[in-house]
Structures are given as C-alpha cells and as structure tokens.
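Peer 1: One structure, pasted below without further comment.
The values are calculated or read from the model by the stated rules, or taken from the named source; none is laboratory data. Only a predicted model underlies this, so the values are computations on that prediction, with no experimental measurement involved. When we count neighbours, we look across all protein chains shown, and the Cβ atoms used for this are built from the backbone with ideal geometry, even at glycine.
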C-alpha cells in the first residue's frame with residue numbers, strides 16, 4: 001500500500017468510484033462557465049448613451065404601438081378591460097425585454113435606459129387604448145350615465 005502511494009505523483013488524487021460522475025459533471029460545468037465568462041468581448045470605454053436619444057424615441061413609439069395593438073387585438077378574446085391591459089402590456093414589455101437580452105448577448109449595445117423608455121411607451125400605449133376603448137365603447141346598462149342632480 002505504501003509502495004503505491006510512493007509511485008503516484010503528488011497531484012493524482014483517488015476519488016471513490018461512486019463520485020466520478022459528479023466530479024465529471026462539476027468539471028464540465030466549471031469549464032463551460034469559464035468559457036462563457038471569458039468569451040465575452042471587453043470594451044475599453046462604455047459607449048455614450050444619452051437618456052433622450054433618437055433611439056429612445058423609437059423604443060417609446062414601438063412599445064406604445066405594441067401595447068395598444070395588443071390591447072385592441074385582445075378584445076376579440078377578452079371582455080374585461082383588465083385582461084386586455086395585461087395582455088397589451090405583456091406583449092410590449094416582452095418585446096422590449098427580448099430586445100435588450102439579445103443586445104446583452106452580443107447583438108447590440110444593451111441599455112437599461114432603452115428598457116425604461118419601453119416601460120414608458122407601454123404605459124402610454126395601454127392608457128391610450130383604454131381611453132379610446134372607454135370613449136367609443138357602446139353604453140351598456142352598467143355604464144349608463146346618470147344626470148347630475150339640480
């Protein structure tokens with residue numbers, strides 16, 4: 001027994017057979033994590049990203065249009081305005097979030113300011129759609145207006 005220990009180099013360690021699968025998985029995970037973190041491009045200085053840039057107007061406009069369209073198209077499926085608002089907001093915020101994730105992966109320059117403008121646009125789009133829905137919806141028995149007392 002002692003003779004085997006003397007022949008082995010000092011960096012060889014004996015791992016019980018039952019743990020070999022775990023060790024292999026751990027090493028594979030560590031290598032993948034290392035490859036992912038070191039493969040990201042490094043930038044010397046961050047790009048200038050003003051809060052009121054031209055691309056922010058595009059984020060705002062597209063999010064507002066998606067939110068209003070999602071609200072309007074969901075009228076086919078839902079009767080309540082709350083469900084329509086949630087679906088419109090989900091569509092717009094999902095698209096904005098997906099775009100920022102793609103930017104973060106390497107298809108562009110990620111910016112939290114872009115997502116803030118996506119949120120603003122979503123709020124305006126859903127609000128505008130709800131206002132138009134309330135203005136042009138037919139008056140039902142539950143929404144009849146009562147004249148003010150004189």
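Peer 1: Within the set of pairs 6 or more residues apart or between chains, which connect a residue that is assigned by TED's automatic domain parsing to the domain that holds residue 110 and under 24 Å from residue 133 (Cβ atoms) inside the stretch 50-72 to a residue that is modelled with pLDDT under 90 and assigned to a helix (DSSP H, G or I) with Cβ atoms less than 7 Å apart?
Peer 2: none
Peer 1: When you go through (1) surrounded by fewer than 19 Cβ atoms within 10 Å (Cβ to Cβ); (2) over 18 Å from residue 49 (Cβ atoms) one by one for residue 101, which number turns out not to apply?
Peer 2: Residue 101 satisfies every listed condition except (2).
A quick yes/no check of all residues on (1) out of contact with any helix residue (DSSP H, G or I) (no Cβ under 7 Å at 6 or more places or on another chain); (2) modelled with pLDDT of 95 or more; (3) closer than 21 Å to residue 51 by Cβ:
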site: 77; (1), (2), (3): yes, no, no
site: 96; (1), (2), (3): no, no, yes
site: 111; (1), (2), (3): yes, no, yes
site: 130; (1), (2), (3): no, no, no
site: 136; (1), (2), (3): yes, no, no
site: 141; (1), (2), (3): yes, no, no
site: 144; (1), (2), (3): yes, no, no
